[in-house]
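Note sheet for the following structure.
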Amino acid sequence: MLGLKLPTDPRWANIAEKNIDEILIDHAHCEQKAASTAISLIVSFPEYTELVTEMIALVKEEISHFKLVHDRLIAKGIPLGRDRKDEYVVQLVTFFPKGGSRTDQLVHRLLYAALIEARSCERFRLLSEHLEDAELAKFYRDLMVSEANHYTLFLNFARQYGNRVQVDEKWKKLLDYEALLMRNLGTKESIHG
């Protein structure tokens, strides 16, 4: 369903479980960034009324996810701490050339967002299936469903606002590129790393 070309090595779930506090901190930052991405799309492309409407709803959902993760950190007595660079995202967003038409810029940002959500969904599925803590496993199963919905939301908007054939070709190439990135990731206690 997600179209990912290279699945995460299942051993990542073992790394994550042994470092669950670090996973929760990283996850909280990911939710903040997801809300920020939605806000940025609103600010950058206000003329797309349907997109703006959906991004408003997404901001609310992502910030509520942040609160859920942050509440777990508070309950464990763990401070959120400063944001960390997400190497996966840093490398991913170099794929498309900078510039181009406003439509190209929008489509590229939507495709990046779709892929980040797809990879998050896949990682949440692994956590839901491998964590021994049943409550935390259910927490990630519930979030997995949201991430899948976000993935399709962004991908559908890219296809709606761009030329469908060109968007699908860009999506295929981005998936191939992401698979190359993933060969060097999956060994760290982070959602994407």
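The values are calculated or read from the model by the stated rules, or taken from the named source; none is laboratory data. What you see is a predicted model; the values in this text were computed from it and never measured. Cβ: placed from backbone, ideal geometry, glycine included. Neighbour counts: every protein chain shown.
Quick notes on this structure:
- Among the residues of region 86-131, those identified as basic (Lys, Arg) and either buried (at least 20 other Cβ atoms within 10 Å of the Cβ) or farther than 23 Å from residue 58 by Cβ (or both) are 98, 109, 119, 123, 125.
Yes/no per residue for (1) closer than 22 Å to residue 156 by Cα; (2) outside any loop (DSSP other than H, G, I, E, B); (3) not β-branched (Val, Ile, Thr):
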{"site": "72", "(1), (2), (3)": "no, yes, yes"}
{"site": "77", "(1), (2), (3)": "no, no, yes"}
{"site": "91", "(1), (2), (3)": "no, yes, yes"}
{"site": "95", "(1), (2), (3)": "yes, no, yes"}
{"site": "106", "(1), (2), (3)": "yes, yes, yes"}
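- Qualifying residues in region 10-62 (those that are over 18 Å from the mean Cα position of the chain (by Cα) and either at positive phi or of a type in the set (D, E, K, R) (or both)) - the one surrounded by the fewest Cβ atoms within 10 Å (Cβ to Cβ): 47
- Pick from region 159-181, criterion under 18 Å from the mean Cα position of the chain (by Cα) and aromatic (Phe, Trp, Tyr), ranking: surrounded by the fewest Cβ atoms within 10 Å (Cβ to Cβ): 177
- Only residues that are in a helix (DSSP H, G or I) and either more than 13 Å from residue 109 (Cβ to Cβ) or in contact with a Ser or Thr (Cβ under 9 Å, 6 or more places away or on another chain) (or both) were counted across region 34-54, and they come to 7.
- Annotation note: of 185, 180, the sole residue that is modelled with pLDDT under 95, hydrophobic (A, V, I, L, M, F, W, C) and within 15 Å of residue 15 (Cβ to Cβ) is 185.
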